[in-house]
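For reference, the structure is listed below as structure tokens.
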Amino acid sequence: MSRGLARLACSVLLGAAPLSAQQAGGGPPDAAATAMAAEQALERGARADAERAAGALIARYERDGRGWSSEGLTAVGRAYVVRGDAASVRAALRVFDAAVAADPRNIDPVIRTGDLFLDKYNAPEARESYGLVLARDSSNARALFGMARVMEFEGSGDAAALARRAVESDPRLVDAHILLARAYLEAERFDSATVIAERALRLDSARVAPWAILGAGAWLLGDSATYRRTRAAAARIDPTEVRYDLEIAEAAVRNRRYADAVRFATQATTADPRSARGWGVLGTNQLRVGAIADGRASLERAFGLDPFHIWHKNSLDLLDQVDGFSTIRSARFELVASAREAELLSLYLLPLLESAYDTLAARYGYRPPTPVRIELYERHSDFSVRTVGLAGLGALGVSFGTVLAMDSPSARSTGTFNWGSTAWHELAHTFTLGASGHRVPRWISEGLSVVEERRARPEWGAKASVGFIQAYKSGRLRPLSELSEGFTRPRSPSETGYSYLLAASVCEMLEERFGAAAIPELLRAYRDGLDTPQAFRRVFRASPAELDSLFDAWMHVRYKAALASIDAGDAAAPPTGAFVSAVQSAASALGRGEVDEAQRTLERARALFPDYAGEDGPSALLAQLHEAAGALQEAADAIAAVTTRNETAWDANGRELEWRRALGDSAGMIRVLQRMLWISPTDAAMHAQLAALATARGEHALAVRERRAVIALRPTDLLEARFQLALALAASGDRSAARREVLGVLEQAPGFEKAQELLLTLRGGTR
């Protein structure tokens, strides 16, 4: 089936009509056993045996299927699933529907329908099937597990928590144990993953997945003996070793070891060239390591084998789109963006990345082996597809090592995104992942990236909020041993954001306590194959639990005033405490016109939580108070406490810009405008304004960049914009470039007098 017919195929699948209930009744007594034999043969890699067993049952049904029982029909549906081609998938759905019609009390075909939908990447229909079962029996383990799989597929909740409920309901449900073990493996909780995987094996030793999870943990920890033992055990079940290799490949992905994922997926596709899953894992990770052509070819193979796989279709469609993008190269970077945006964004991003490269290389003692590729997407859904194959990812950017992908400024509403800090953050991952051999725990890598953002610009990087202080004080944040789960399996929407700040705070504490050299040494410890307790012991002479205690003490010093002035409490309730009360009281006083009282209260609030940089905080209110009194210098200085600490404070920067214009503070205006361009660079008038200010202050290189930015935005009067660029180039001393630009203007408009005069000047004539 061609890629273009995928949606049609899915609609046919969804519209599959149920068979007549008249087909209910008897059926062969061994149908379920035959279906199970086919499934077990598939599990051990004996595809031919599986298809023979499934085919035999299907043939009996298609020859004489009238009068079969609900259980017999369910078995036939399972056989169609084993066969697995598109026609069989549609047939399986029809037969499962017939099984339900034959006996509405039989929930087995309802659950299997959900399983099939989810296996074919239709999460909404799967959710509906599981929901029908849970509406009848809220503790049904298989349906709970199915919902956990839906959550995992969509990244929409705590799948592990739901899997735990499934295990509580049915401790013998092996699949739920497997999901839990994978979750612990992703969170780098290797001991817990081992315990759960071994429990799954005690329940069913003939499953490849638990052996592979044990093997993945051993491989990630460098335990070659256990890895070889588990591989041998899995090979006795499936001699092709395909399922084992793919489990390891996917564990490698979850732990950001993308090159290793390519290696294991290559082994799997070599052993079984008909494995759609294998080709999909291979192609997806070839894209992640920058092997774009190879990735496309592998995904085409995967899609040909499984045309229902929406991830692969989405990725292939996106690659077709990216073919039309522009690529701008430097010695160390490739910037890939839409033709509409590439020229503009490269003016800012490439110099920023070059600066970041030098800074990070010096700090971490690592240089990427190839140019770093950075892709920017105008639509967030496209970035999400590039990252996980589906729309809906909440992140702003992602680093695969030497390949970065992120939203472009146009993908987000103004004031919600700082594209400069995001790029710096993701590039920092390139260096921390590389320096550690892609072995650094997620939370340390994320924390270091936030720290590096702050080092780059004072306003960049996550800052403490009232919610963060409240969450920390109430004990809702995770200890170091579980901190990676704050990113991979957050318990609430806010936990992810708090985890970035928490991880950054830990990294700051470690550097303050143990010195700047400690962090690169820690990364080298991971590169050498040490796990976290071993690495911490080598570098810090302490266990994670001991460092937890050190960190708690550090936090109580670092945020002493804030912790004292914000109450612990329920996350669902409005925050309380002296800081909150002071801000509220000041706002009330302002409303009553009690300016002096409001100012005193705001000053007190600012002292209680000096790190707070929200646009609704005491500094912002003080700025309003000073503006109302006509004290613009004081207003500008007050709002600067927000704009220099809040990377997305668009409105606050706009107010500061107006006040500094009124004050005649051109240097301050330049600083504000440059901050604003990292929030949104798409306003040509803003660039022209910055260029004029830069020219007036003799900052000619800045003026040239801004005049180029105006041109990149395709202004209505392009000739005037090019003339202004020529002036800026001439002022910068680049007379030859200025001459080329003005000649281009005159070629389009020979009568452009100002351009004629400038050309005479550049040629040494007179005006």
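A short reminder: the numbers here are calculations on the coordinates, not readings from a lab. Please read all numbers here as calculations on a predicted model, not as lab measurements. No Cβ is skipped: glycine too gets one built from the backbone with ideal geometry, and neighbour counts run over all protein chains shown.
Table for the structure above
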{"quantity": "Ratio of the Cα radius of gyration of segment 452-550 to 2.2 N^0.38 Å, where N counts its residues", "calculated": "1.12"}
{"quantity": "Sequence-distant residues sharing a close amide H with F400 (under 5 Å, placed H)", "calculated": "A405"}
{"quantity": "Spin-label pair L132/K560, simplified geometry with 7 Å Cα→Cβ offset, distance in nm", "calculated": "6.4"}
{"quantity": "Loop sites in segment 232-319: trypsin sites (Lys or Arg not before Pro), DSSP, at most 15 other Cβ within 10 Å", "calculated": "R274"}
{"quantity": "At R0 = 41 Å, FRET efficiency that the Cβ-Cβ distance of R329 and R537 yields, to 0.05", "calculated": "0.40"}
{"quantity": "Per-residue HN-Hα couplings for segment 243-252 [Karplus 6.51, -1.76, 1.60; θ = phi - 60°; Hz; x = Gly/Pro]", "calculated": "4, 4, 4, 6, 5, 5, 4, 6, 5, 4"}
{"quantity": "5 angstrom amide H check on W68, placed H, neighbours 5+ away", "calculated": "G25, G26"}
{"quantity": "Counting DSSP beta bridges with both ends in the chain, the antiparallel % (nearest 5)", "calculated": "40"}
{"quantity": "Nearest-ten-degree value, helix 700-712 long axis tilted from longest Cα axis of the chain", "calculated": "50"}
{"quantity": "Linear extension gain, A571 paired with R105, 0.36 nm per residue minus alpha-carbon span", "calculated": "163.6 nm"}
{"quantity": "Relative contact order [Cα under 8 Å, 6+ residues apart], the chain, whole percent", "calculated": "7"}
{"quantity": "Segment 31-81: trypsin sites (Lys or Arg not before Pro) falling in loop per DSSP and having at most 14 other Cβ within 10 Å", "calculated": "R66"}
{"quantity": "Pairwise Cα inverse-distance average, inverted: Kirkwood Rh of segment 606-682 (Å)", "calculated": "12.3"}
{"quantity": "Segment 606-682, relative contact order [Cα under 8 Å, separation at least 6], %", "calculated": "24"}
{"quantity": "Crossing angle, helix 618-628 versus the chain [Cα axis fit, 0-90 degrees, rounded to tens]", "calculated": "40"}
{"quantity": "Helix-only mean residue ellipticity at 222 nm for the chain, each DSSP H run of n ≥ 4 adding -39500 (n - 2.57), per residue, nearest 500", "calculated": "-21500 deg cm²/dmol"}
{"quantity": "C-alpha long axis of helix 190-203 to longest principal axis of the chain, angle in °", "calculated": "20"}
{"quantity": "Under-30-angstrom lysine pairs by C-alpha in the chain, whenever the two are 8 or more apart or on separate chains", "calculated": "4"}
{"quantity": "Segment 31-87 versus segment 329-387: alpha-carbon centroid distance in Å", "calculated": "51"}
{"quantity": "Cα-based equivalent ellipsoid, the chain: semi-axes from gyration tensor eigenvalues, Å", "calculated": "54, 33, 26"}
{"quantity": "Integer Hz, Karplus 6.51/-1.76/1.60 couplings in order for segment 226-237, x for Gly and Pro", "calculated": "5, 4, 5, 5, 5, 5, 5, 5, 5, 5, 5, 8"}
{"quantity": "3J(HN,Hα) from dihedral phi, segment 85-90, Karplus parametrisation 6.51/-1.76/1.60, rounded to Hz, x for glycine, proline", "calculated": "6, 4, 5, 5, 4, 5"}
{"quantity": "Point-to-point label distance, E168-R600, nm (Cα→Cβ direction, 7 Å offset)", "calculated": "5.4"}
{"quantity": "Estimated FRET transfer efficiency (L550, R66; beta-carbon r; R0 60 Å; 0.05)", "calculated": "0.25"}
{"quantity": "Additional length obtainable on full extension of the chain from A339 to E512, 0.36 nm per residue less Cα span", "calculated": "57.8 nm"}
{"quantity": "Spin-label model distance (nm) - L743 vs S355, 7 Å beyond Cα toward Cβ", "calculated": "3.4"}
{"quantity": "Relative contact order (%) - criterion: Cα under 8 Å, at least six apart; region: segment 687-767", "calculated": "21"}
{"quantity": "Extension gain from R274 to S156, taking 0.36 nm per residue of separation minus the Cα-Cα distance", "calculated": "39.4 nm"}
{"quantity": "Those trypsin sites (Lys or Arg not before Pro) in segment 102-195 that DSSP places in a loop and that have at most 12 other beta carbons within 10 Å", "calculated": "R105, R172"}
